[in-house]
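Sharing a structure here in structure tokens format.
The values are calculated or read from the model by the stated rules, or taken from the named source; none is laboratory data. Source: prediction; values computed, not measured. Cβ sites come from the backbone with ideal geometry, for glycine too, and all protein chains shown count toward neighbours. Calculation scope for accessible area: heavy atoms of the full protein, side chains included, ligands and nucleic acids excluded. Shrake-Rupley method; radii C 1.70, N 1.55, O 1.52, S 1.80 Å.
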Amino acid sequence: MLESGELTVPDLVAGYISRIEQDNPDINAFTQWHKEESLERAHHIQRKIENGSAGPLAGVVLGVKEVFCQKGFPATCASKMLASYEAVYDATVVERLLAGDAIIIGRLNMDEFAMGSSNENSMYGPVRNPRNTSRVPGGSSGGSAAAVAAGMCHASLGSDTGGSVRQPASFCGVVGLKPSYGRVSRHGLIAYASSFDSVGAFGSTVHDASVILKAIAGRDDMDATSSTEPVPDYPALLDEVRPDITIGIPKEYFGDGLDPVIRDRVMLVAEKMEAKGAKLVDIRLPNLKYAIAAYYVLATAEASSNLARFDGIRYGHRADMKAVRARLKAEEAELTADGAADLSGLDTPMIRLYKQSRTEGFGPEVKRRIMLGTYVLSAGYYEAYYGKAQRIRRLIKQDFEQAFSKVDVIISPTAPTTAFELGSKVNDPLQMYLNDIYTISANLAGICGISIPAGDHSSDGMPIGVQFMANAFREPELLNAARLAEMVCGESADASSP
Amino acid sequence: MSVDTQFETVIGLEVHAQLLTESKAFAPVSNRFGSAPNTNVTPLCLGHPGTLPVPNENLIRYAVKLGLATNCKIRPKSIFARKNYFYPDMPKGYQISQFETPICYEGHMDIGLEDGSTKRIGITRIHMEEDAGKSIHDQDPHNTLIDLNRAGTPLLEIVSEPDIRSPQEAGAYMRKIWQIVRYLGVCDGNMEEGSLRCDANVSIRPAGQKEFNIRTEIKNLNSFRNVERALTYEVERQKELVLSGGSVIQQTLLWDPNEMRTRQMRSKEEAHDYRYFPEPDIPPVLVTDEMLEEIRLEIPELPEARRLRYISQFGLTDYDASVLTEDRPLADFFESILEQGASAKPAANLIITEIRRVLNEKGMAITTFPVGPERLAGLLALRGEDKISSSAMQTLLDAMVDAGPDSAASAGELAQEMNLLQVSDTGFLDPIVEEVLRNNPEEVKRYLGGKHGLIGFFIGQIMKKSQGKANPGMVRELVQKKITEFK
């Protein structure tokens with residue numbers, strides 16, 4: 001449409017802006033949008049399209065999660081800690097999107113510091129699921145999923161540390177792609193757990209997600225863990241979908257705790273793919289049962305260190321120094337009044353400033369994970385927790401290595417349930433953590449995964465997501481399988497009652 | 001038994017060497033001392049969110065170089081670790097270091113002792129890390145100021161075995177490290193500016209005891225002299241403590257060079273659980289055999305080898321060879337004069353006596369000496385050909401130094417200009433010789449009577465009359481020939 005000139009880029013942007021202005025008050029997906037800048041850039045890109053100099057992403061309108069740095073814009077991670085922080089440089093992914101002539105229309109709500117599975121841990125308030133606003137959109141990239149689902153932007157960027165792209169994609173009925181670890185630069189992605197964090201993409205279709213991946217993937221000298229593996233032309237690979245693939249069905253992913261409607265739906269998708277020529281193979285991933293425990297040891301350990309920089313000294317939230325000093329004086333007076341001569345237990349003003357700034361700046365889930373991570377790294381506990389969890393991580397990697405020696409991709413549900421009611425799990429962190437049971441392994445193993453919508457649930461009407469996983473840097477196989485699934489799901493007029 | 005023989009001192013040193021890399025350890029930004037505060041910084045150095053450390057390849061190469069030069073084993077695969085603690089000059093809340101797998105380990109260095117013997121000191125490990133910024137407490141009455149220029153500067157930490165047995169040995173070990181890092185060109189060794197600094201662990205034990213006793217750690221030793229002084233002070237303190245019935249407690253002490261004593265750091269300042277864990281932002285550091293060979297070839301001749309070569313190849317004395325090889329730039333300078341055709345012994349003498357005198361007088365480093373090797377070789381040639389006297393050489397050198405590095409005048413030209421060339425021209429000398437002999441008939445008579453020692457008197461008179469330009473050898477011959485005419 002853009003090529004034929006029927007629709008111009010400014011028209012497109014204006015359309016998204018009016019959708020945001022109309023629906024965002026209910027959905028709360030965008031934390032801010034850049035109306036004037038985006039329209040101005042739209043005109044600029046329209047001219048480039050007309051004179052034939054436009055980049056490959058001309059006409060693509062994106063939102064980016066608050067976890068990414070974009071120079072001159074706030075980068076808050078939905079945390080009071082960074083409420084006043086403005087990024088001083090562009091994340092590599094942002095730079096690459098802009099270089100391809102994409103338009104970044106605004107910034108998206110998330111769980112604070114990407115910690116959460118429901119997008120209820122945000123200083124901006126919760127995001128609501130566009131399909132049913134009494135339900136959560138999933139997390140932590142809830143805003144990114146909801147924005148695409150609500151038609152507020154064409155695609156979006158999220159981050160996936162334990163399922164934070166795939167699970168909200170599943171809850172909101174959109175496509176969410178988590179590339180292999182090292183496939184996309186993390187430079188400018190505010191770290192939660194460095195050895196798990198992946199930059200991911202949301203779109204309405206597998207093709208959309210593949211276009212974004214092609215633009216952002218590849219080696220970056222600013223990220224030593226980014227891979228030099230060549231970047232294939234992912235969208236072009238989808239021109240010809242190969243049905244003759246081998247799909248692994250891991251028994252462990254279909255056991256207790258999984259909603260039977262979801263189980264049947266995922267199996268149905270697998271069978272339809274089989275009918276197209278795919279081969280289904282039963283596989284075992286026996287260490288799945290340890291995945292959540294290992295993840296919450298390793299990821300929180302890294303988080304406790306990654307979030308240490310938020311100390312209120314150079315930027316970010318700083319407690320009122322006067323109040324800190326006054327409080328210390330009062331404590332000192334109390335101690336001396338009690339006759340205590342030893343004041344060595346009293347904090348120095350500097351230490352108290354750290355404590356107070358961090359106490360005020362971080363929300364409860366972030367504090368919980370920092371404390372957990374600090375604990376598991378403490379002297380005397382390291383081997384029992386961190387060391388053991390690392391060994392489990394290796395075992396899980398081996399499980400996948402073995403599986404992928406037999407199959408091209410693995411199919412599974414993305415989450416054990418559909419989107420749940422707001423507030424229903426906020427007081428039960430363990431139940432909340434279990435929501436990531438099927439997605440977390442991919443992050444432990446560093447492999448790639450994708451969630452695609454597979455119709456709605458028969459009783460609650462909410463979207464169901466089916467997940468595919470492929471070996472590290474096998475995004476071509478992953479996208480091929482996801483596209484095939486997308487096709488078979490689209491073939492029945494109503495996928496929810498095939 | 002005296003106190004000194006009752007106890008044995010046990011010392012281990014942790015030396016930090018700041019590396020002379022162009023850029024910082026993990027960020028592409030300049031690593032230069034002396035810039036305005038907080039100017040050599042990137043978002044990474046400031047601990048901004050989303051930034052990632054990317055290791056500087058030279059950090060790894062320099063570590064391997066120092067490891068090879070100190071006979072260490074090099075780990076083919078080592079990892080970085082995070083050392084977690086809060087401090088305002090530590091912007092990330094952790095320091096990137098190495099913990100369980102230092103890149104170099106199990107090495108040793110031989111140090112020379114005062115009695116001429118050598119002693120082997122074991123090196124436990126050398127690991128790579130980044131420096132913190134600087135907290136400045138004395139410039140503002142109310143606030144501590146932070147300069148993050150140094151944050152992220154690459155460091156090597158060299159940890160010795162507890163093999164050192166006296167403050168003097170500690171000093172010699174420290175000097176040896178200074179010498180080696182400068183020879184390798186990995187660190188400028190400037191202790192005042194903190195680019196080479198050291199912490200010492202020290203304990204005492206009854207002579208003959210095998211086990212180590214409780215030790216104290218002394219920080220902030222920023223000169224060779226302070227290393228020796230602080231350790232001497234601390235060893236005495238421990239001895240007195242033990243002899244008076246007390247016992248040493250494990251603590252961290254700061255050396256105060258003004259008060260010449262150690263003082264205890266606040267216990268809170270030292271109570272840390274660093275919660276080390278593998279740095280997830282940096283892949284393991286791999287050192288291939290190929291890289292190892294490449295770096296081995298880059299290692300220059302080290303001071304010990306060079307000293308021995310100077311003795312055998314050039315016939316220098318042990319003292320001269322030691323002085324010349326003490327610091328690499330001086331030895332390099334010496335060899336560059338030889339490359340210009342000078343012979344070794346006169347060149348060594350020129351450097352050791354004259355040039356070092358000038359350096360001392362002017363507070364100058366050899367690297368900024370204003371007279372280049374080519375002109376110095378010219379000067380030595382003049383003297384070698386006996387065209388100038390030794391005192392004229394000194395005068396000429398001073399003149400060349402004063403003329404500065406831009407002066408292109410050769411020693412010969414200057415000597416001519418300053419009238420310092422020795423005269424061997426008999427047309428000029430004959431009348432002077434005759435005049436001196438004629439004016440001193442008494443001495444002539446006594447000489448002819450057998451008092452040949454008087455030749456010196458005549459030569460002196462003639463030299464004076466010629467204003468020092470006469471060639472003394474030539475004068476001697478002329479006197480011996482002409483004096484017979486007075487018989």
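Might you let me know whether region B:45-59 holds any residue that is more than 28 Å from A:GLY182 (Cα to Cα) and either open to solvent by 20 Å² or more (accessible area, probe 1.4 Å) or not assigned by TED's automatic domain parsing to the domain that holds B:PRO162 (or both)?
So the first thing to find is which residues in region B:45-59 are more than 28 Å from A:GLY182 (Cα to Cα), and the list is none.
Scanning region B:45-59 turns up no residue that is more than 28 Å from A:GLY182 (Cα to Cα) and either open to solvent by 20 Å² or more (accessible area, probe 1.4 Å) or not assigned by TED's automatic domain parsing to the domain that holds B:PRO162 (or both).
Here's a follow-up. Within region A:275-285, identify whether any single residue is in contact with a Ser or Thr (Cβ under 8 Å, 6 or more places away or on another chain), assigned to a helix (DSSP H, G or I), under 30 Å from A:ASP460 (Cβ atoms) and away from chain B (no Cβ under 14 Å), and answer yes or no.
Within region A:275-285, none of the residues are in contact with a Ser or Thr (Cβ under 8 Å, 6 or more places away or on another chain), assigned to a helix (DSSP H, G or I), under 30 Å from A:ASP460 (Cβ atoms) and away from chain B (no Cβ under 14 Å).
Of the conditions (1) away from chain A (no Cβ under 14 Å); (2) not in a strand (DSSP E or B), B:ARG205 clears all except one; give me its number.
(2)
In region B:95-118, which residues are part of a strand (DSSP E or B) and either acidic (Asp, Glu) or within 14 Å of another protein chain (Cβ to nearest Cβ) (or both)? Steps first, answer last, please.
Here is the first cut: in region B:95-118, the ones part of a strand (DSSP E or B) are B:95-97, B:104-112, B:118.
Once the filter is applied, which keeps residues that are part of a strand (DSSP E or B) and either acidic (Asp, Glu) or within 14 Å of another protein chain (Cβ to nearest Cβ) (or both), region B:95-118 yields B:GLN95, B:ILE96, B:SER97, B:GLU106, B:ASP110.
Still on this model: If you take the residues of region B:75-94 that are away from chain A (no Cβ under 11 Å) and crowded, with 20+ Cβ neighbours inside 10 Å, which of them is farthest from B:GLU129 (Cα to Cα)? Before the answer, list the steps.
At the first step, the residues of region B:75-94 found to be away from chain A (no Cβ under 11 Å) are B:75-79.
So of that shortlist, the ones also crowded, with 20+ Cβ neighbours inside 10 Å come out as B:75, B:78.
On the way: B:ARG75: 16, B:SER78: 13 Å.
Filtering first and then ranking leaves B:ARG75.
Consider B:TYR62 against the criteria (1) under 24 Å from the mean Cα position of the chain (by Cα); (2) aromatic (Phe, Trp, Tyr); (3) within 11 Å of chain A (Cβ to nearest Cβ): it satisfies all of them except one. Which criterion is unmet?
So the condition that B:TYR62 fails would be (3).
Would you please name the residue that is surrounded by the fewest Cβ atoms within 10 Å (Cβ to Cβ), looking only at residues in region B:105-132 that are among the acidic types (Asp, Glu) and under 20 Å from the mean Cα position of the chain (by Cα)? Show your work before the answer.
From region B:105-132, those among the acidic types (Asp, Glu) are B:106, B:110, B:114-115, B:129-131; that's our starting set.
Subsequent filtering for residues that are under 20 Å from the mean Cα position of the chain (by Cα) retains B:110, B:114.
Working: B:ASP110: 11, B:GLU114: 8.
Only one residue tops the list, namely B:GLU114.
Residue by residue, here is whether (1) on the phi < 0 side of the Ramachandran plot; (2) over 29 Å from the mean Cα position of the chain (by Cα); (3) acidic (Asp, Glu) holds:
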site	(1), (2), (3)
A:ILE20	yes, no, no
A:ASP23	yes, no, yes
A:ALA54	yes, yes, no
A:ALA58	yes, no, no
A:GLU66	yes, no, yes
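Continuing with the same structure: Any residue in region A:87-100 that's more than 8 Å from chain B (Cβ to nearest Cβ) and farther than 21 Å from A:GLY182 by Cα: show its pairings with residues that are open to solvent by 10 Å² or more (accessible area, probe 1.4 Å) and among the basic types (Lys, Arg) at Cβ separation under 8 Å, as long as the two are six or more apart or on different chains.
none
Okay, moving on. Quick check: is even one residue across region B:30-38 among the basic types (Lys, Arg), in contact with a Gly (Cβ under 7 Å, 6 or more places away or on another chain) and in a loop (DSSP other than H, G, I, E, B)? Spell out the reasoning first.
Going residue by residue through region B:30-38, those that are among the basic types (Lys, Arg) are B:32.
Filter once more, keeping what is in contact with a Gly (Cβ under 7 Å, 6 or more places away or on another chain): none.
Scanning region B:30-38, I find no residue that is among the basic types (Lys, Arg), in contact with a Gly (Cβ under 7 Å, 6 or more places away or on another chain) and in a loop (DSSP other than H, G, I, E, B), so the answer is no.
Run B:ALA230 past the list (1) among the small types (Gly, Ala, Ser); (2) part of a helix (DSSP H, G or I); (3) under 30 Å from B:ILE295 (Cβ atoms) and report the number of the one that doesn't hold.
Single failed check for B:ALA230: (3).
Answer with yes or no whether B:ASP406 is surrounded by fewer than 18 Cβ atoms within 10 Å (Cβ to Cβ), under 31 Å from the mean Cα position of the chain (by Cα) and without any contact (Cβ under 8 Å) to a residue 40 or more places away in the chain.
Values: surrounded by fewer than 18 Cβ atoms within 10 Å (Cβ to Cβ): yes; under 31 Å from the mean Cα position of the chain (by Cα): yes; without any contact (Cβ under 8 Å) to a residue 40 or more places away in the chain: yes.
Against the criterion (surrounded by fewer than 18 Cβ atoms within 10 Å (Cβ to Cβ), under 31 Å from the mean Cα position of the chain (by Cα) and without any contact (Cβ under 8 Å) to a residue 40 or more places away in the chain), B:ASP406 qualifies.
When you scan region A:250-259, do you find a residue that is part of a helix (DSSP H, G or I) and closer than 30 Å to B:ILE282 by Cβ, even just one? Working first, answer last.
First, the residues of region A:250-259 that are part of a helix (DSSP H, G or I): A:251-254.
Next cut, closer than 30 Å to B:ILE282 by Cβ only: none.
No, region A:250-259 has no match at all.
Can you tell me which residue in region A:20-73 is nearest to the other protein chains (Cβ to nearest Cβ), limited to those that are closer than 13 Å to A:ASN109 by Cα and in a loop (DSSP other than H, G, I, E, B)?
Selected residue: A:VAL67.
Test of understanding: among B:HIS127, B:HIS108, which residue is of a type outside the set (Asp, Glu) and touching a Leu at 6+ places or on another chain (Cβ under 8 Å)?
That would be B:HIS127, the only listed residue that is of a type outside the set (Asp, Glu) and touching a Leu at 6+ places or on another chain (Cβ under 8 Å).
For the condition over 24 Å from the mean Cα position of the chain (by Cα) and more than 27 Å from B:MET291 (Cα to Cα), what is the one hit in B:ASN56, B:ASN84?
Details: B:ASN56 fails: more than 27 Å from B:MET291 (Cα to Cα).
Only one candidate qualifies: B:ASN84.
Just need a number here: residues in region A:180-194 that are under 14 Å from the mean Cα position of the chain (by Cα) and facing chain B (nearest Cβ under 9 Å). Spell out how you get there, then give the answer.
Applying the first criterion (under 14 Å from the mean Cα position of the chain (by Cα)) to region A:180-194 yields A:180-181, A:184, A:186, A:189-194.
Still in the running and facing chain B (nearest Cβ under 9 Å): A:186, A:189-191, A:193-194.
Count: 6.
If B:LEU286 satisfies every condition in (1) surrounded by 13 or more Cβ atoms within 10 Å (Cβ to Cβ); (2) touching a Pro at 6+ places or on another chain (Cβ under 9 Å) but one, which is the exception?
(1)
One residue is enough: does region A:340-351 have a residue meeting the conditions within 14 Å of another protein chain (Cβ to nearest Cβ), at pLDDT below 95 and closer than 30 Å to B:GLU100 by Cβ? I'd like the intermediate steps shown before the answer.
Looking only at region A:340-351, we keep the residues that are within 14 Å of another protein chain (Cβ to nearest Cβ), and these are A:342-351.
Then keep just the ones that are at pLDDT below 95; that gives A:342-351.
After this cut, where a residue has to be closer than 30 Å to B:GLU100 by Cβ as well, the list is A:351.
Checked against the condition, which is being within 14 Å of another protein chain (Cβ to nearest Cβ), at pLDDT below 95 and closer than 30 Å to B:GLU100 by Cβ, region A:340-351 yields at least one hit.
Next up: So which of B:ARG438, B:ARG446 is free of Cβ contacts under 8 Å to residues at least 40 places away in the same chain, out of contact with any Leu (no Cβ under 7 Å at 6 or more places or on another chain) and part of a helix (DSSP H, G or I)? Show your work before the answer.
On the way: B:ARG446 fails: out of contact with any Leu (no Cβ under 7 Å at 6 or more places or on another chain).
Residue meeting the stated conditions: B:ARG438.
Turning to a different aspect of this structure: Quick one: is A:VAL297 of a type in the set (A, V, I, L, M) and either more than 14 Å from chain B (Cβ to nearest Cβ) or assigned to a loop (DSSP other than H, G, I, E, B) (or both)? Don't jump to the end; show me each part of the working.
Numbers: of a type in the set (A, V, I, L, M): yes; either more than 14 Å from chain B (Cβ to nearest Cβ) or assigned to a loop (DSSP other than H, G, I, E, B) (or both): no.
So A:VAL297 does not fit the description; no.
Here is a further query. Could you look through region A:96-140, keep only residues that are open to solvent by less than 40 Å² (accessible area, probe 1.4 Å) and among the hydroxyl-bearing types (Ser, Thr, Tyr), and pick out the one that is nearest to the chain's Cα centre (by Cα)?
A:SER140
OK, next. Go through region A:241-257 and report how many residues are touching a helix residue (DSSP H, G or I) at 6+ places or on another chain (Cβ under 9 Å) and either among the hydrophobic types (A, V, I, L, M, F, W, C) or open to solvent by 40 Å² or more (accessible area, probe 1.4 Å) (or both).
Total meeting the criteria: 9.
Which of the residues spanning region A:194-213 are surrounded by fewer than 24 Cβ atoms within 10 Å (Cβ to Cβ) and under 19 Å from A:GLY63 (Cβ atoms)? Can you show your working first?
Within region A:194-213, the subset surrounded by fewer than 24 Cβ atoms within 10 Å (Cβ to Cβ) is A:194-195, A:204-205, A:207-208, A:211.
Selection gives A:SER204, A:THR205, A:HIS207, A:ASP208, A:VAL211.
Could you please find all residues in region B:28-40 being aliphatic (A, V, I, L, M) and either away from chain A (no Cβ under 14 Å) or buried (at least 24 other Cβ atoms within 10 Å of the Cβ) (or both)? Steps first, please.
Just the residues of region B:28-40 that are aliphatic (A, V, I, L, M), to begin with: B:29, B:36.
Within region B:28-40, just B:ALA36 meets the criteria.
Just to verify a result, which residue in region B:446-467, among those that are touching a strand residue (DSSP E or B) at 6+ places or on another chain (Cβ under 8 Å) and of a type outside the set (Gly, Ala, Ser), is surrounded by the fewest Cβ atoms within 10 Å (Cβ to Cβ)?
First, the residues of region B:446-467 that are touching a strand residue (DSSP E or B) at 6+ places or on another chain (Cβ under 8 Å): B:462-463, B:466.
Keeping just the survivors that are of a type outside the set (Gly, Ala, Ser) gives B:462-463.
Working: B:ILE462: 22, B:MET463: 18.
In this case the residue turns out to be B:MET463.
Scan region A:439-467 for residues that are assigned to a strand (DSSP E or B) and more than 12 Å from A:PHE404 (Cβ to Cβ) and report the count. Give the steps one after another, and end with the answer.
So the first thing to find is which residues in region A:439-467 are assigned to a strand (DSSP E or B), and the list is A:448-456, A:463-467.
Subset that is more than 12 Å from A:PHE404 (Cβ to Cβ): A:449-456, A:463-467.
Residues flagged as assigned to a strand (DSSP E or B) and more than 12 Å from A:PHE404 (Cβ to Cβ) within region A:439-467 amount to 13.
Going through region A:216-240 one residue at a time, which ones are open to solvent by 70 Å² or more (accessible area, probe 1.4 Å) and either within 14 Å of chain B (Cβ to nearest Cβ) or not in a loop (DSSP other than H, G, I, E, B) (or both)?
A:ARG219, A:ASP221, A:MET222, A:THR228, A:GLU229, A:LEU237
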